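The values are calculated or read from the model by the stated rules, or taken from the named source; none is laboratory data. Worth saying up front: this structure is predicted, and the values here are computed from it rather than measured. In this analysis, Cβ positions are derived from the backbone assuming ideal geometry, glycine residues included, and neighbour counts consider all displayed protein chains. The accessibility values were calculated without ligands, DNA or RNA, using every heavy atom of the protein model including side chains. Shrake-Rupley method; radii C 1.70, N 1.55, O 1.52, S 1.80 Å.
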Amino acid sequence: MTSIAFDTSLRAETTLTARHLINGQWLGEALTERMNPARPGELAALSPSGSAEDVDAAITAAAAAQPAWAALPAPSRGAILIAAGNLLIERQGAIAEDLVREEGKTLAEAKGEVKRASDVLRFFGSLGWAATGEVLPSGLPDTTITTRREALGVVGLITPWNFPIAIPAWKTAPALISGNTVVIKPAELTPLSATHLARALQDAGLPEGVFNVVHGKGRVVGDALARDPRIAGLSFTGSTNVGLGLQEILNARRARVQLEMGGKNGVLVLDDADPRRAAQVVAAGAFGLTGQACTATSRVYVTPGIRAAFLDALVVEAAAYTSGDGLTEGTRMGAVVSRQQFEQDQAAVRTAVERGATLLHGTFDGDPTGPLFLPTAVLTDLPFDDAAVTEEIFGPVVAVLEVPDYEAGLAAINDSRYGLTAGICTDSLALATDFAARAQAGVVKVNRPTAGLDLNVPFGGVKDSSTNTFREQGRSALDFFTWGKTVYTGV
Ligand code: NAD
């Protein structure tokens, strides 16, 4: 292994240095710099770039630790998760500041995310006490049937930068409570947040080797994780292209794979909605988290009677989401995560305008060498097949298109390769109910922003947004990390 030992006495809570965590040891030479997207020239994090050998060592440790971890009573496993969740809340302020520096979101958003990670650990920790399986009658005499859920073994997790502690937590917690051991590869841009999760688990008493972290490049570390035959299941969140590539690798060796990928989430605004309220719902979904959420609203269909009033109100809302340093008090919208993403966001707006769209609010001539602050953008007068309407942008950009009526709006919402979330703004219970039934999306929001999820209910999409087999979050998250067994017992 190429890694060097890390002096654990240096593990102060706000150190900028991330390390691999392999078999309980902090390892790796942290040479990869991550700069603060809001403050050019300011270092946000240092992390090691792992190799296939590091992945091999992490999987070996996880495989060795798994039988004893699975044999521990589930309530004892749960107690460690709950203790780790409590530690995250104790450390919430310091972790949130690190998260802002490496990801760019606002401090309020980052604190909310750390709280979410903590709640997720405590939720799944408490499930250690919950019954799993059923007792069922048999057609045979003197026989009882029970069903059990067994751990998969060693699972791999690959996570994106946009929720750098919450997503690792909501994959790790159901994996661990089910008796699996974990090797996780966090996003390169946000190595510190996953390190904080690892520290909390370690400090809560998680045995060595149960949770392992390998930082580095996706095509090196992520690829090695996906290809290793000891990985019984891989849960991935990230872009659709990368996800579909991983699916091929996992399918080839018939291992379990869960993919949560891109979105192009639409909202239908009907004449009977209140225009100001609808604009607030759309703006929160489109511009919250700098538009960098897989569930963000990025296309809106409006019926003719509300179009003008809705657009006026949306421009007012969009102007209120001014972008700035997430650590500065009062910042409404944080920085874009990277220069590449900043340029992509601006190019999407510029191209739409060049093709004839009207830019009602925003610009596309920001300087990507300065702080990565981007104004919100509201586009209208686009064709339905414009790339800004069909392709994921992942920035604070929303396209508004007119549809003649509800049916045309529903058809437009469903005319997408993605199907993660969909929303409707209406006072009509009948149309809201019809929309909930017919929208092709894993999550439907009525008069609520498309972004923003509860932790205790299933989450996932259809079409190219998700594998649409196993759901994340809530009790349904346990299905991916376990397999079912049916036991016949005669007396
Ligand atoms: P990404 O696909 O570039 O990276 C995600 C993870 O995959 C990272 O850890 C990366 O290093 C790794 N990776 C990259 N190439 C790999 C490869 N060849 N093999 C194995 N691993 C590889 O995505 P991102 O830029 O980090 O995140 C943004 C994307 O994530 C957006 O498309 C967004 O919609 C999606 N996302 C989806 C959800 C969801 O729940 N559906 C949630 C958040 C983000």
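Couple of notes before you dig in:
- Meets criteria (of a type outside the set (Phe, Trp, Tyr) and within 12 Å of the ligand (Cβ to nearest atom)) for Val443: yes
- Qualifying residues in region 250-263 (those that are in contact (Cβ under 8 Å) with a residue 40 or more places away in the chain and more than 11 Å from the ligand (Cβ to nearest atom)) - the one farthest from Arg230 (Cα to Cα): Val257
- Filter result (charged (D, E, K, R) and open to solvent by less than 50 Å² (accessible area, probe 1.4 Å)) within region 31-72: Arg34, Asp54
- Residue ranges of strands (runs of 3 or more DSSP E) in region 1-72 with at least 1 members within 17 Å of Ala187 (Cα to Cα) and at pLDDT 95 or above: 20-22, 32-35, 43-47
- Flag for Val210 being modelled with pLDDT of 95 or more, in contact with a His (Cβ under 7 Å, 6 or more places away or on another chain) and more than 9 Å from the ligand (Cβ to nearest atom): no
- Flag if Ser476 is open to solvent by less than 40 Å² (accessible area, probe 1.4 Å), among the hydroxyl-bearing types (Ser, Thr, Tyr), within 16 Å of the ligand (Cβ to nearest atom) and outside the structural domain of Thr290 (by TED's automatic domain parsing): yes
- Residue satisfying all of: in region 221-249; touching a Phe, Trp or Tyr at 6+ places or on another chain (Cβ under 9 Å) and in a helix (DSSP H, G or I); farthest from the ligand (Cβ to nearest atom) among these: Gln247
- Members of region 142-156 that are under 16 Å from Ala63 (Cβ atoms) and in contact with an Asp or Glu (Cβ under 9 Å, 6 or more places away or on another chain): Val154, Gly156
- Annotation note: of Ala117, Ala62, Ala74, Ala166, the sole residue that is in contact (Cβ under 8 Å) with a residue 60 or more places away in the chain and within 21 Å of the chain's Cα centre (by Cα) is Ala117.
- Some residue of region 427-435 being surrounded by fewer than 18 Cβ atoms within 10 Å (Cβ to Cβ), on the phi > 0 side of the Ramachandran plot, touching a residue at least 40 places away in the same chain (Cβ under 8 Å) and not assigned by TED's automatic domain parsing to the domain that holds Gly179: no
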